1. For the range A:148-167, what are the residues that are farther than 25 Å from A:Y110 by Cβ and either touching a strand residue (DSSP E or B) at 6+ places or on another chain (Cβ under 6 Å) or surrounded by 21 or more Cβ atoms within 10 Å (Cβ to Cβ) (or both)?
2. Looking only at the range B:182-208, how many residues end up being of a type in the set (A, V, I, L, M, F, W, C) and away from every other protein chain (no Cβ under 14 Å)?
3. Condition first: small (G, A, S) and within 14 Å of chain A (Cβ to nearest Cβ). Can you find one or more residues in the range B:152-164 that meet it?
4. I'd like the full set of residues that are more than 13 Å from the chain's Cα centre (by Cα) and in a loop (DSSP other than H, G, I, E, B), limited to the range A:247-268.
5. Would you call A:E79 at the interface with another protein chain (Cβ under 7 Å from one of its Cβ atoms), charged (D, E, K, R) and surrounded by fewer than 23 Cβ atoms within 10 Å (Cβ to Cβ)?
6. Return only the number of the condition from (1) within 14 Å of chain A (Cβ to nearest Cβ); (2) modelled with pLDDT under 75; (3) farther than 30 Å from B:Q137 by Cβ; (4) part of a helix (DSSP H, G or I) that B:K239 does not satisfy.
7. Filter the range B:47-98 down to residues that are in a strand (DSSP E or B) and aromatic (F, W, Y) and give me whichever is farthest from the other protein chains (Cβ to nearest Cβ).
Amino acid sequence: MRLGQNPAKSIEHVPQPAPVTVAIVTYIPFLGGYYAESLEVLKVCLESLYQHTPQPYDLLIFDNASCSEVQDYLKNEREAGRIQYLILAGQNYGKGGAWNFIFQGAPGEYIAYADSDIQFFPGWLERSLEILQAYPQAGMVSARPLRTPAALYSSTLDWAKIAEDVQIEEGSFILWEIYRDHVLSLGISEEQARQWYDSRVDTRLTHQGVQALIGAAHFQFTLRKVVIQEFLPFQMDRPMGQVRALDELMNTAGWLRLATCEPLVRHMGNTLPDSVKVTQLAAATSRPRLWDQPVLRRTLLRIYDAIFRLYYAR
Amino acid sequence: MRTGRNPAKSGLEAYTPKELGIALILYIPSQDGYFANALEIFKMQIASLKAATSQPYDLLVFDNGSCRAIVNELRELYQAGEITWLVLSRHNIGKAGAWNWIFASLPNPYIAYADADVLFRPGWIEACQEILKAFPQAGMVSAQPNFYDVMDGQGQAQRALENNSDYQAESYQPSIEVIDEYCLGIGATPELAERFHQQPLPGIQHLPTETRAVLGASHMQFLIPNSVARQVTPLPATKALLRAETMSLDHKIDQLGYLHLSTRQPYVFHMGNTINERLLTEFQQITGAAPAIPKANPNPQKQPSLIRRWLSRMARTPGAQRQLQRIYNLLFQILHSDNR
């Protein structure tokens, strides 16, 4: 039975959510192989966020069944007051499943999403919000200029052509170094990157005095919560590979997909950037290696995946 | 940069939510005073859920800013696989604030909510589902007869059943034991208990299936279809535990045309914040195990001194009670306030 009155009833006010919820999904099942440096990458991600986000925000981390080392780190960050909402999932819920959870639950009016391998630079949130406010039709804004497939930004282009007071410019507005830095971070060869760079141009818009490039990406973006709720729930039966649907849905629904003109975030991937590297990786050799042979490589990948599946199925 | 291929992209299947998701909100800012037994009671709740729930379920625990020791305990439960999703909120965002999270984001088709001090008995989910099946307009179904009409007789949704020949209104008089148990759970005053004994409850029957229910549901525990839960958020959430805010759930449910219903038999019991022999016996019957209650103080309690007894008597006078409550609450706020 209840004895006495619950003192929680005497709490006059509870903290109200910050206007922006920064949401990050983590999945580091073990610290080895592909994930050997992932915890260090996550630390860089969060440290850069703390350092370069002066605006009020709530940090929400959805951990998709990472190993205990990662959860210990996140728990310590929460205890230090840096994470407002830490969600620990007992099993991998898929990136789509995590998105369903965070985009429906996140209390902020704006949600700034990032994968856990993103490094933030000064002004990333300020510039993203500036674009969202200057372009009321903006669906998602990435804090890095990108060249994305034209099929995913057709609505943005269509809107720009008919909207009043919108200046459209075409040209090469993304410097090669900036483009290269991102594309190489995806594991693409320099040759391929150069080929892509030379074959595409950028479209820059100016509206209400605010410039933005056309195109956005689902590894990092800021949006209004009310917009993302149109597209929920996402399919979530696989851990990854289904989130591209957001780009397509956003474009089909007529929302703008935009990016800042400056690189204000960076995709680190699963290795630390040179500037913050704490461990020396073996120097890469330009000589073709035995395991680069396609047949051998496929076989090794299969074994690697099989081991992972065994681990995952524990 | 990315080196190698992310193994998570290799087409592995992600976790698929179960049909039933159970959500509990926990707030234990310290392990003394009002909350001295709260952790043990919560563990008893989890154990009773496990023993009394006949179908698979996902368990979400929303921790609303409990103290570090409790968070550590929760993590142990999570690591032991007892909790599917553990949400650790840095601050207490209020019960309605936590509901906003739960109702908006739980993926399961059915959501069973309970405060963190509810004992579950076998058959609770079957009884609730039977009512949901017979009353498709049900928005909330509690597994215990509802004694309080939170809508104060103003509920509109049930009127839709008045002209439906499949349903028949009927009054229901619970047994003395059921009323006494309810009164014990909420710590009812003798006057309130007397009122409950005198006043029959409004019941309703679905004639084709002979399914009987009580009109009204309780915030303490209820089953809500996900499709309904999604429609009621966001709820206003400015205080930790304000009746007006939690009641906004009822008003929304009613405005949307959904019914508040409850079972005629108590399949849950409000444990509150005390553990007694009766509770321990029932817990053991449900789970087949004794709860891990911390050992009692080995030093037997001495008879309180005359001064202490006099002070106790004084403290029970209405004026002194109010003052003590104010001081206690003030201390609570000082000790557990967020510095945000």
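1. Passing the criteria: only A:Q167.
2. The total comes to 4.
3. No, there is no match, as no residue in the range B:152-164 is small (G, A, S) and within 14 Å of chain A (Cβ to nearest Cβ).
4. A:A253, A:G254, A:W255, A:T260, A:C261, A:E262, A:P263
5. Criteria met by A:E79.
6. Unmet for B:K239, out of (1) within 14 Å of chain A (Cβ to nearest Cβ); (2) modelled with pLDDT under 75; (3) farther than 30 Å from B:Q137 by Cβ; (4) part of a helix (DSSP H, G or I): (4).
7. For the range B:47-98, the residue satisfying everything is B:Y57.
Conditions tested, residue by residue: (1) over 29 Å from B:R230 (Cβ atoms); (2) over 18 Å from the mean Cα position of the chain (by Cα); (3) of a type outside the set (S, T, N, Q).
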{"residue": "A:G97", "(1), (2), (3)": "no, no, yes"}
{"residue": "A:I118", "(1), (2), (3)": "yes, no, yes"}
{"residue": "A:L129", "(1), (2), (3)": "no, no, yes"}
{"residue": "A:M140", "(1), (2), (3)": "no, no, yes"}
{"residue": "A:A151", "(1), (2), (3)": "yes, yes, yes"}
{"residue": "A:I168", "(1), (2), (3)": "yes, yes, yes"}
{"residue": "A:R194", "(1), (2), (3)": "yes, yes, yes"}
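The values are calculated or read from the model by the stated rules, or taken from the named source; none is laboratory data. All figures in this text were calculated on a predicted structure; none of them were measured in a lab. Virtual Cβ from ideal backbone geometry, glycine too; neighbours counted across all protein chains shown.
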